[in-house]
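Taking it in order: structure first as structure tokens, then the write-up.
Quick note: the coordinates plus some simple rules give every number you see, no bench work behind them. As the structure is a prediction and not an experimental result, all values here were calculated from the model. Cβ sites come from the backbone with ideal geometry, for glycine too, and all protein chains shown count toward neighbours.
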Amino acid sequence: MSGLDSFLRGFGLFIGRLAVAFIFLFNAYGHITNFKGTLDYMASGVSYPESVMRALLIIAIVLMVAGGLSMVLGLYTRFGAFCLLLFLLGVTPQMHGFWHGPADQMMMQLGQFTKNLAIFGGLLSYMAWGAGTWSIDTVRFAGK
């Protein structure tokens, strides 16, 4: 692989990690700063006791922050991508199930559902290929 190809691959994987991480970190921040509002939104999609909803929201925030920071840094990237996949597996059908929501929200929920599917595919790529050369993982494993 030429130097330019190597640079472009490393740069592309780095920018991709930042883009994927941004959506999770941004949403985690919103969930933290508007915890009650997020619980209210969750209650519109699922009907669990409030204590369960709080626990699920805390787990979701932990997965988003841990996975997002892992992706940004390129540190334990495969594990970070796995955390974000777990988050998506729980949230996507539950909160964006376009097939069981009100008809007037079907298109919005379908958009969220398909967006999450696309992100899911990108995360699978990071699980398969790792972070790329512009990462802490690459530095950590360089001598091994």
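Structure values in brief
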{"quantity": "Between helix 35-45 and the chain: long-axis angle, C-alpha atoms, 0 to 90°, nearest 10", "calculated": "70"}
{"quantity": "Residue exposure sequence - Lys36, Lys115 - by fewest surrounding Cβ within 10 Å", "calculated": "Lys36, Lys115"}
{"quantity": "Helix-only [θ]222 nm of the chain, DSSP H runs n ≥ 4, -39500 (n - 2.57) each, per residue, nearest 500", "calculated": "-27500 deg cm²/dmol"}
{"quantity": "Centroid-to-centroid separation of segment 11-60 and segment 92-133 [C-alpha atoms, Å]", "calculated": "14"}
{"quantity": "0 to 90° range, to nearest 10: angle between helix 106-129 axis and the chain longest Cα axis", "calculated": "30"}
{"quantity": "Correct choice for percent of Cα pairs over 27 Å apart that was computed from the model, options (i) 29; (ii) 25; (iii) 48", "calculated": "(i)"}
{"quantity": "Per-pair calculated FRET efficiency, R0 = 22 Å: Phe11 and Leu124 via Cβ, rounded to 0.05", "calculated": "0.55"}
{"quantity": "Residue among Phe120, Gly10, Ile58 farthest towards the positive dipole end of the chain, charges placed on Cβ", "calculated": "Gly10"}
{"quantity": "Most mobile of Tyr76, Tyr29, Tyr126 in a GNM of the chain (Cα contacts under 10 Å)", "calculated": "Tyr29"}
{"quantity": "Rounded to 10°, Cα long-axis angle of helix 77-95 versus longest principal axis of the chain", "calculated": "20"}
{"quantity": "Surrounding net charge for Leu85, when Lys and Arg each add one and Asp and Glu each subtract one, Cβ distance under 15 Å", "calculated": "+3"}
{"quantity": "Set of segment 68-92 residues, backbone N closer than 19 Å to the point 7 Å along the Cα-Cβ line of Leu110", "calculated": "92"}
{"quantity": "Contact order normalised by residue count of segment 65-144, Cα under 8 Å, 6+ apart, percent", "calculated": "39"}
